[in-house]
Amino acid sequence: MYDLHGLSEEQAKACVLEAIRQASADRVKKIRFITGRGKHVNSKGERGTLFKKLPEWIKEFDYAELA
């Protein structure tokens with residue numbers, strides 16, 4: 001389980017991509033990311049940015065490098 005609260009978008013994205021790489025190496029079948037839905041406002045005045053960005057990061061990951 002990876003808690004992304006308190007991380008910047010860049011830090012959270014790096015954590016997600018590294019978690020996917022590590023899970024693949026360890027043959028882990030399931031990863032849980034805690035993003036929250038964003039009741040608090042970030043420094044840019046936005047809510048829920050990690051919750052909204054997570055699917056994009058997962059899609060853009062180069063799964064070919066895991067093969």
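Data table
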item: Residues being at pLDDT 90 or above and acidic (Asp, Glu) - total across the stretch 9-33; result: 2
item: Members of the stretch 46-67 that are part of a loop (DSSP other than H, G, I, E, B) and either at pLDDT below 75 or among the charged types (D, E, K, R) (or both); result: Glu46, Asp62, Ala67
item: Set Gly6, Gly36: member being touching a His at 6+ places or on another chain (Cβ under 8 Å) and either at pLDDT below 90 or assigned to a loop (DSSP other than H, G, I, E, B) (or both); result: Gly36
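The values are calculated or read from the model by the stated rules, or taken from the named source; none is laboratory data. A quick note: this is a predicted structure, and the numbers were derived from the prediction, not measured. Backbone-built Cβ (ideal geometry, glycine too); neighbour counts: all protein chains shown.
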